[in-house]
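Have a look at the structure below before the remarks.
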Amino acid sequence: EIDIKGFLSLCLEQKFTIALSSIIFFVIFCIYGLLQKKVWEGKFAIVVEQPEKRPLVADLLGGNNSNQYFLNSLGLFGGTSSLDTEVEILKSPSVLLPIYDYVINERRKTNKDYIAIPFEKWEKNNLKIELKPRTSVLDIAYRDTNKEIILPVLSKVSIAYQMYSGKRVKRKIVLTKEYLSSQISKYKLQSGESLKKAQEFALDEDLTLFELNTGDYGDISYGKTNNENKANTFLSNLNFEQIRINQLVKIKNIDKQIEQIKALDDDYEQVQFIANNLTGLVPSIINDLNIIETKLIEARSKYTEKDRTIKRLLDKRQILLKLLKERSIANLNALRIIEKAKMESVSRPKNIILKYKELVRTASRDEGTLIALENQLRILNLEEAKYKDPWELITKPTLKKSAVAPRRKLIGMIGFILGIFSGIIFSVIKKDRLILDK
C-alpha cells in the first residue's frame, strides 16, 4: 500500500531539496540545449505515378500476342515493381551517393579536420524518405546544422531521382535496340542466304512448282511470307506424288476427248460444241462455219437439196468441219504434251523432295524471324516516343523558417521534471538513512 499522506508530508518536508534539484537539472538541461547547434529542415514532394492502363502501340496497330509479350517482358512501359520497392531503390547508394559526397565536401570546406560519417548513418539521421499512406506521393525531407546547404541538397536529390527513373528506362531501350539491330542484320543475311539456297536447289533439280490455288507454274518465292502457318500449309500440300497423279488424270481426259472427236461423224453441232470449249483454235474457222450454216438455211428456203448452190455449200462445210476436227485434235495433243511435261517435272527421287521441303521451311522460318524482329523494333520506337517520365515534382524544395531542433523548451521541461523526480528520490533515500541511524 502507498501512503499518500506520508508521501506528501515527505515532499513538504524536503521541498527545498526537491526545488534545488529541479533548478539544478533545469539549468543543466537548458545549458545543454543552448550548446546544441540548430538543426534546419527542408522538404519537397513528388508523385510516383502508377503504370498507366493504356493500350500498347502493338494493340493499336493490330499486333499479335508475341509483340505484346515482348514489350511486357522488357518491363519498359508499365513495370511490375511496387512503390515500396521503388522507395528502397531511391534510398540506396547507387542514387544518393553523389549527394552524400557533396555534403561531405561542403562540410570539409568549413572544417578541414571533419571526419565523414558512414553513408548508412548519414542517410538514416539526415534524410527521410517515405510514402504517404494510401497514396503515391513521396515525401523527402533533409536535415542539417548548415542552413545554407539544405536547399542545394534537396535540389540535387530531386534531380537525381528524376534522372534515375529516366536513365533506367532509357538504358533498357538502348540495350534492346542494339540487340534487335544486331539480330536484324544477322537474319537479313541468313534469310537471304537460305532463300537463295532453296532457289538454286530448285533450279539445279529442275523443280517447276505449281501454285496451290491456280494450278499454274510458279516460283519458290514463298519464303517471303511472314506467316509461318501458311508455309507449313504449303509444305504439307506440296505432295509431288499427288501432283503427278492429278496430271496423269488430266492426260487421260485429253486422250478421251481426242477419241471422241475422231469418232464424231460430220455432225456440225457436236463438232462445234467441242471446238468452242477448246482454246488455241483459229476463230475464223468457226465464223466461216456459222456463215455457211446461215447461207444453207437461206438456200434451202429457195432451192431443193439437189440444187448446185446447196451442194456447193455442203461441200465447203464438210471441208471446214474436217479442218476443225484436225485443228481440235492438234490442240489437244499440244495440251497433252504440256500436261505430260508438268507430270515429268515433279517426278523426282524422295530424298530430293525432302531436301527441297527442308530448304523452303528454313527460308520461311528465317524470313518470319526477320519480320518479327523488325516489327518489334518498330513498335519499340513508337513506344519510346510515347514514354512518359513517371516522376512528377509537385512541390519545390522549401526550407522551414524556424529550426526543427534542438527543442530547447522541451529539453528544459524534461530537465525540470527529472530534477523533481531526482529530488524526491534523494529525499526518500535521506529519510530512510535517518530512520536506520535511529
Self-check item: Relative packing of peptides 377-383, 333-339 - highest average C-beta neighbours within 10 Å first
Solution: 377-383, 333-339
Self-check item: Estimated vicinal HN-Hα couplings, Hz - the range 115-129 in sequence order (Karplus 6.51, -1.76, 1.60; Gly, Pro = x)
Solution: 9, 5, 7, x, 4, 4, 5, 5, 5, 6, 8, 9, 10, 10, 10
Self-check item: Kirkwood hydrodynamic radius (C-alpha pairs) into Stokes-Einstein, the range 84-133, 20 °C and 1.002 mPa s, D in µm²/s
Solution: 178 µm²/s
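Computed from the coordinates by the stated procedures, all read-outs in this text should not be read as laboratory data. Remember, it's a predicted structure, so these values are computed and weren't measured experimentally. Please note: Cβ atoms are built from the backbone with ideal geometry, for glycine as well, and neighbour counts cover all protein chains shown.
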